[in-house]
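So that we are looking at the same thing, I have put the structure below in structure tokens.
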Amino acid sequence: AAYLMGAKYKGYNAKQNDFTDNTTLSATMFRIAPAIRITVGDKKFKPYLRVGAVFRVFGKITIDDTYYDIQNNTTTEAVWKYSKGFSVGVTSSIGGTYKLTDKLALFAELNFISQSWGPKKGKCTKYVINGTDNLPSLTPNQRDVDFLNDYTAPANYNAQTAFSPRELMRQYFPMSSVGINIGLNFTFGKTDEKK
């Protein structure tokens, strides 16, 4: 099991004498990675290869946006949280263990995870205009989003649409990572003793 806390990515867009737009995107994910480990050798140092699948259990993507309308002197701050949706990827590691005692070993490995995630739900959790909270005034269509695998844009907007979440095409975000893991490996139960 592992918890991913992604770095923050910042974007900036501007049009002279019209607007400026600052966006920050970050992601977190708790995932489980069942895997098979193949170990060779029977000495103190044992190299190994581990391969398996990785599953998203829960997590979210946070988008923080500040839009400044220069002509109207209006600042709009909005925060969106994306969640839900199944995600599976692959994980592999190459490393080794160094035996300290019968039950305790030091390990180090190079780990790679390949995974992407397409959230199914989006929700606006903050909507402030010039310092005033406008979140309660948003309709469900302005506040909630359902991301779909297949989507056809409606021909026209009607009053009923305001009371249901907006529908948009599903977007996929990269959740891959490369890292080095170092730690201790403790063996429970009895160990084989060679005489």
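Reachable lysines from residue 126, Cα under 21 Å, same-chain residues fewer than 8 places away excluded?
Within reach: 8, 10, 60, 81, 84.
Determine the share of the chain's accessible area contributed by carbon and sulfur atoms, expressed in whole percent, with a 1.4 angstrom probe.
Accessible surface attributable to carbon and sulfur in the chain totals 58 percent.
Relative to the compact-globule scaling 2.2 N^0.38 Å, provide the ratio for the alpha-carbon radius of gyration of segment 96-195. Present the calculation step by step, with values, prior to reporting the outcome.
Details: Rg = 25.9 Å, N = 100, 2.2 N^0.38 = 12.7 Å.
Ratio of Rg to 2.2 N^0.38 Å for segment 96-195: 2.04.
If you don't mind, another one. Using the heavy atoms of the protein chains and a 1.4 angstrom probe, tell me the accessible area per residue for the chain in square angstrom.
Values: 13170 Å² over 195 residues.
Each residue of the chain exposes 68 Å² on average to a 1.4 Å probe.
Shifting gears a bit: Which residues does the label zone of residue 48 cover in segment 1-17, counting backbone N under 15 Å from a point 7 Å along Cα→Cβ?
The answer is 1, whose backbone nitrogens lie closer than 15 Å to the label point.
Among 134, 27, 87, flag the residue with its Cα farthest along the positive direction of the charge dipole of the chain, charges on Cβ as +1 for Lys/Arg and -1 for Asp/Glu.
Ranked along the dipole, the leading option is 87.
Tell me, rounded to the nearest percent, the portion of alpha carbon pairs in segment 16-114 spaced more than 20 Å apart. Walk me through the numbers on the way to the answer.
Details: 2998 of 4851 pairs.
Tail of the P(r) past 20 Å holds 62 percent of the pairs.
So what are the radius of gyration and Dmax for the Cα set of the chain, in Å?
Gyration radius and largest Cα-Cα distance of the chain: 24.1, 85 Å.
Remind me, relative contact order of the chain in percent, using alpha carbon pairs under 8 angstrom and six or more residues apart?
Details: 455 pairs, mean separation 33.7, N = 195.
Normalised by residue count, the contact order of the chain is 17 percent.
The values are calculated or read from the model by the stated rules, or taken from the named source; none is laboratory data. Bear in mind that the values here come from a model prediction, so they are computed numbers and not experimental data. A quick note on method: Cβ atoms are made from the backbone with ideal geometry, for glycine too, and the neighbour counts reach across all protein chains shown. The accessibility values were calculated without ligands, DNA or RNA, using every heavy atom of the protein model including side chains. Shrake-Rupley method; radii C 1.70, N 1.55, O 1.52, S 1.80 Å.
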